[in-house]
Structure formats: structure tokens, C-alpha cells
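The values are calculated or read from the model by the stated rules, or taken from the named source; none is laboratory data. These figures come from a predicted structure and were not determined experimentally. Reconstructed Cβ throughout: ideal geometry from the backbone, glycine too, with neighbour counts over all protein chains shown. Just so you know, the surface numbers come from the protein's heavy atoms only, side chains and all, with ligands and any DNA or RNA stripped out. Shrake-Rupley method; radii C 1.70, N 1.55, O 1.52, S 1.80 Å.
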Amino acid sequence: VIAMRAGARDSTLKLDGQREDWRGITPVYARSADATRNASTSVATPRRLDALFAHADAAYLWLRLDVGAIDLARAHYLIGIDTRDPRRGDSGLPYTRQSTPAGLEFVLDLRGPEGSHLLVDRASNLYRFPTITGSNPPDSLAVYNRPFKTESNSDGAYDTLVVTPNRRRLGRDGTRFPARREVRNLLRHATQDETTLADWYADTLSGTIELRIPWGMLYVLDPSSRSVLFGVDDDGMPTGLVTDGFRFVVQSYDPREPSRMT
């Protein structure tokens, strides 16, 4: 087996920073014609959001941001994602601490080719790890969240997504084998032609930012039935619910002064 991929062989969308393949997809948000017309006659600002698009296929959630200009030294982007009941989740964004109209389970933090990642609300984190920058966190950082259940909060506190493919073991001869953990929320900046592992790409010429996030990273149990993870009971068994849809919050801010946001 070389690969197992969901959906059709050729997706209708391609991660390349171009807009042509999005034709026919209605934007979730678009600036008014008057605002866009006035903006086109002035200097483009990197923190201006012109449009937000969302699309779903069998494998990914696709997102597209059209911005005034891409300058990641002057503008970082936060995309909050509410995957279930808007009354639950975190109603605060990280860094800017801005309040949101819906509780968020996840936040996409776009800050550059090397530092962008997907964050999970601390109360919604299965493993309750603090934010980690290394690739193999020490054992002492593991705090398992049992029983896990999404709760309403306004902490603005988010964790990284960490998996443990190898648990800590003790050999018969007393040798200690430490756990191996992987931070899986780092987003790879590249086009789809450069690598099949690409997660997002910012095209400076078109002012377009494209992302594709695998459903599993968003705790989606079955995209075909709209089932998402809601909690884990005392026995460790996952419980799900059928979502009524995803909600998005987008904010840009100046990394040199996070209070400057749009």
C-alpha cells in the first residue's frame, strides 16, 4: 500500500495560493463593494480582511483568507474555530485576549512559515499539555484530562496538540524507556506541488492565504455524518454529537503590538 487517501483522486481545490479553483464557492464573509472599492484606491494594509472562504471535502476543512497584503512581520492571523455548541468552548482568543461571540475549540495561529500551529482550548484538550515548542516533551509535562468534556470558559488559554505513540516502559532488566511524544499541531508552509504534507500557503502576489486541516486534528469523528468529539466518559470511551456546523472568527494583529488588531 503506497497511500490511503480520502475522497476523489483529484480534489477540486489545490493548495497553491491561487483563487481560480475557488470559483463557485460562496464566501463566508466578504467586505462590502464600497469598502473594497475604497480600499483599492489606498495603500493595502496587511491586517485588512477582504474575504473568508470555507469548504469541506472528505479529507480536509479548507479555508481561504483574502487580505489587503501579506507581510507576516507586520501582521499575524488568528482563525478561531467553533466545531460544536457555540455556548461551549473558549470565548477568548490567545495573545490579543479579544472576546468572541462563540465559544472556540480550536485556533489557527498563522505567524510565519516556521511558527504557525493549531491550538486547542485547554478545557477541550484530551491530554492537557501546556504550550510546547520542542518535538519530544518530557514525561513530567503530561497531565491527562479525564473525564474530558468541552466546557464553557473565557480563559483565552490554549494548548498544543500532542500524541504519545510510545508510552513510558520499564524493561525486565530495569532499563527505563521514556515516553516518546510528538507535537502534531505545527503547520507546514508549502504548496501542494512542493509536498503532500503541506498545511497552508501564503501567496504574497495575490494576497491569498490557503489552509487545509485534516478532520482528525479538529476532533471530527466522522465528517460524513457531521459527528464530532464531545467528551470522554469515566471509562475512557469517546462520546460524540452531531454538529450543526462550524463557526469562524478571524482576527489580525500586529505582533509588535498585539493590542493593535482588526
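From (1) modelled with pLDDT of 80 or more; (2) touching a Leu at 6+ places or on another chain (Cβ under 8 Å), pick out the condition that doesn't hold for ARG169. Status for ARG169: all satisfied but (2).
Checked against (1) within 25 Å of LEU221 (Cα to Cα); (2) open to solvent by 10 Å² or more (accessible area, probe 1.4 Å); (3) modelled with pLDDT of 85 or more; (4) in a loop (DSSP other than H, G, I, E, B), ARG128 passes all but condition (3).
With the requirement that a residue be surrounded by 14 or more Cβ atoms within 10 Å (Cβ to Cβ), over 16 Å from the mean Cα position of the chain (by Cα) and part of a strand (DSSP E or B), what does segment 218-227 give you? Passing the criteria: LEU221, SER227. Criterion applied to LEU186, LEU221 was being among the aliphatic types (A, V, I, L, M), modelled with pLDDT of 90 or more and under 21 Å from GLY112 (Cα atoms), and the one residue passing it is LEU186.
Each row is one residue, and each column tells you yes or no for (1) open to solvent by 60 Å² or more (accessible area, probe 1.4 Å); (2) closer than 20 Å to ARG122 by Cβ; (3) not in a loop (DSSP other than H, G, I, E, B).
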position: THR191; (1), (2), (3): no, no, no
position: GLU194; (1), (2), (3): yes, no, no
position: TYR201; (1), (2), (3): no, no, yes
position: LEU205; (1), (2), (3): yes, no, no
position: ILE209; (1), (2), (3): no, no, yes
position: ILE213; (1), (2), (3): no, yes, yes
position: GLY216; (1), (2), (3): no, yes, yes
position: LEU229; (1), (2), (3): no, yes, yes
position: GLY236; (1), (2), (3): no, yes, no
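What pairs come up if the first residue lies in segment 50-70 and is closer than 26 Å to TYR219 by Cα and modelled with pLDDT of 95 or more, the second is of a type in the set (S, T, N, Q) and in a strand (DSSP E or B), and their beta carbons are under 7 Å apart, counting only those six or more places apart or on different chains? Final answer for the pair search is ARG64/THR208. Here ARG188, ARG212 are screened, and the one residue that is closer than 19 Å to LEU65 by Cα and without any contact (Cβ under 8 Å) to a residue 24 or more places away in the chain is ARG188. Could you check, for segment 239-262, whether at least one of its residues is within 17 Å of the chain's Cα centre (by Cα) and closer than 21 Å to VAL162 by Cβ? No; the residues of segment 239-262 include none that is within 17 Å of the chain's Cα centre (by Cα) and closer than 21 Å to VAL162 by Cβ. Restricting the first residue to segment 246-259 and requiring it to be modelled with pLDDT of 95 or more, which pairs with a second residue that is part of a loop (DSSP other than H, G, I, E, B) and not charged (D, E, K, R) meet a Cβ separation below 7 Å and a spacing of at least six or different chains? Close Cβ pairs satisfying both conditions: PHE246/THR83; ARG247/PRO86; PHE248/VAL28.
For GLY240, the test of being small (Gly, Ala, Ser), out of contact with any helix residue (DSSP H, G or I) (no Cβ under 6 Å at 6 or more places or on another chain) and open to solvent by 20 Å² or more (accessible area, probe 1.4 Å) is passed.
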